[in-house]
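**Q** After the structure tokens below, expect a handful of questions from me.
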Ligand SMILES: Cc1ncc(COP(=O)(O)O)c(C=O)c1O
């Protein structure tokens, strides 16, 4: 008989829940001793967990919206959050749970930090869910402020400017040059609830000094939230550098096959925040999952969670190989006469190179055994001489590289952000975010880099 069949009465269910919690904690502790790739492959889906799922080798996709309970005590214990259960997929689900646990372990990899994660229906939902709980009314009537790196994804810019500032009256303070730590420090004051930045940023690959900015945040008693979508935990683990909360558009390099939209909020246990409840500070991701997520409802589909989990298993090897391809393509573009400037933190000429080389390390190194290796990701951007008309001719001349508002993909894709991902924020918004009309963003995929270069060479001949 399983514990599920034996338990009767509320207390028995709570006790059974404690056993499940202890078994999962033991598995987490065991997996913390494993290498990055092993964690990525298994997470906490142990051999015992597989047997409890009819021996399914792969984590099963629980597509059912709801869980059936053994009796009313089981129902009450589960819905009262007195025992681990899933109940209803908007709140929790076993497939989502396995993705969350794997992401939390990877994000904290090698840092000694204990983290937890909540997955969301998209990357934007993750940004929203990381920020919204920190903006709760504190009863003083004082307008909350947030300090945000302006060089960020267009959707994030719009979320802060339109949804938070215009619709909700939040004082959004833009850091025009995120690498300039003095600018962050200048904008923080007693009304500030959080600092937010991308490392590296989309589309201009701007670099954030996470240790320095997290110190500024913590001196003010507030958390630093870092969007590390472009780097992924294979190359950058911001929690280990001082960040409190990491957000990902899981839709990108983590789910590189391009079969699912998903997001994640990963937080260290015990975030710094003068605001909010003890529960929120102690386990931010769990707080988000059980309360704001439940009420706002941006849940991830279990099917998409399985798609993401499937790609996540091979993250490190992909980010290694594709970063090396992108580094080669970046050097090719830098040497091309039609190219004005290349934005890629791996280039020695890039203003963020020093900080990126200090902080961006391939997990487990080049040989998988710890030989240190910088890797800078597979996203880059470049400007061409001749302004936007030339940039459009180059984009239109690509044949292998696809034109799409996408990145982190197995297939190389390119776009002109000012007319696509960053169109809606308008000219003024693009000026704040430094997205010039002639900028082309290129995400280098799994093709042979020589073929990508040939395609770029043919397109650049039209500049
Ligand atoms: C850096 C970054 N953050 C967040 C997002 C939003 O993610 P999603 O498209 O999954 O909502 C994106 C999407 O492009 C992004 O590039």
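**Q** Which of (1) more than 22 Å from the chain's Cα centre (by Cα); (2) closer than 21 Å to residue 23 by Cα does residue 65 not meet, given it meets every other one?
**A** (2)
**Q** Can I ask one more? Pull up the stretch 435-463, narrow it to residues that are within 21 Å of residue 252 (Cβ to Cβ) and part of a loop (DSSP other than H, G, I, E, B), then point me to the one that is modelled with the lowest pLDDT.
**A** Result: 435.
**Q** Report, by residue number, each residue of the stretch 59-101 that is assigned to a loop (DSSP other than H, G, I, E, B) and free of Cβ contacts under 8 Å to residues at least 24 places away in the same chain.
**A** 67, 68, 69, 80, 87
**Q** Mind telling me which of the residues 80, 43, 55, 33 ends up being at positive phi and loosely packed, with under 13 Cβ neighbours inside 10 Å?
**A** The conditions single out 55.
**Q** Residue by residue through the stretch 235-256, note down the ones that are in contact (Cβ under 8 Å) with a residue 40 or more places away in the chain, farther than 21 Å from residue 299 by Cα and either within 12 Å of the ligand (Cβ to nearest atom) or in a loop (DSSP other than H, G, I, E, B) (or both).
**A** 236, 237, 244
Okay, residues lined up against (1) surrounded by 24 or more Cβ atoms within 10 Å (Cβ to Cβ); (2) assigned to a helix (DSSP H, G or I); (3) within 11 Å of the ligand (Cβ to nearest atom); (4) at negative phi:
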| position | (1), (2), (3), (4) |
| --- | --- |
| 179 | no, no, no, yes |
| 201 | yes, no, yes, yes |
| 206 | yes, no, no, yes |
| 211 | no, yes, no, yes |
| 225 | yes, no, no, yes |
| 233 | yes, yes, no, yes |
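**Q** Limited to the stretch 111-141, what total is found for residues that are over 17 Å from residue 283 (Cβ atoms) and modelled with pLDDT under 95?
**A** Residues flagged as over 17 Å from residue 283 (Cβ atoms) and modelled with pLDDT under 95 within the stretch 111-141 amount to 5.
**Q** Right, here's the next one. Can you name the residue in the stretch 114-144 that is more than 10 Å from the ligand (Cβ to nearest atom) and part of a helix (DSSP H, G or I) and, of all such residues, is farthest from residue 274 (Cα to Cα)?
**A** 129
**Q** Specify the residue that is farthest from the chain's Cα centre (by Cα); the eligible residues are those in the stretch 147-173 that are more than 16 Å from the ligand (Cβ to nearest atom) and part of a strand (DSSP E or B).
**A** 171
**Q** Scan the stretch 349-360 and give yes if some residue there is within 16 Å of the ligand (Cβ to nearest atom), touching a helix residue (DSSP H, G or I) at 6+ places or on another chain (Cβ under 9 Å) and within 23 Å of residue 211 (Cα to Cα), otherwise no.
**A** yes
**Q** For residues that are away from the ligand (no atom under 13 Å from the Cβ) and assigned to a strand (DSSP E or B), scanning just the stretch 257-273, find the one that is nearest to residue 411 (Cα to Cα).
**A** 266
**Q** Tally time: how many residues in the stretch 395-424 are outside any strand (DSSP E or B), over 22 Å from the mean Cα position of the chain (by Cα) and surrounded by 15 or more Cβ atoms within 10 Å (Cβ to Cβ)?
**A** 8
**Q** I'm told residue 108 meets every condition in (1) more than 24 Å from residue 261 (Cβ to Cβ); (2) not assigned by TED's automatic domain parsing to the domain that holds residue 290 except one. Can you identify the failing condition by its number?
**A** (2)
The values are calculated or read from the model by the stated rules, or taken from the named source; none is laboratory data. This structure is a prediction, so every number in the text was calculated from the model and none was measured. Quick reminder, even Gly has a Cβ in these numbers, built from the backbone with ideal geometry, and neighbours come from all protein chains shown.
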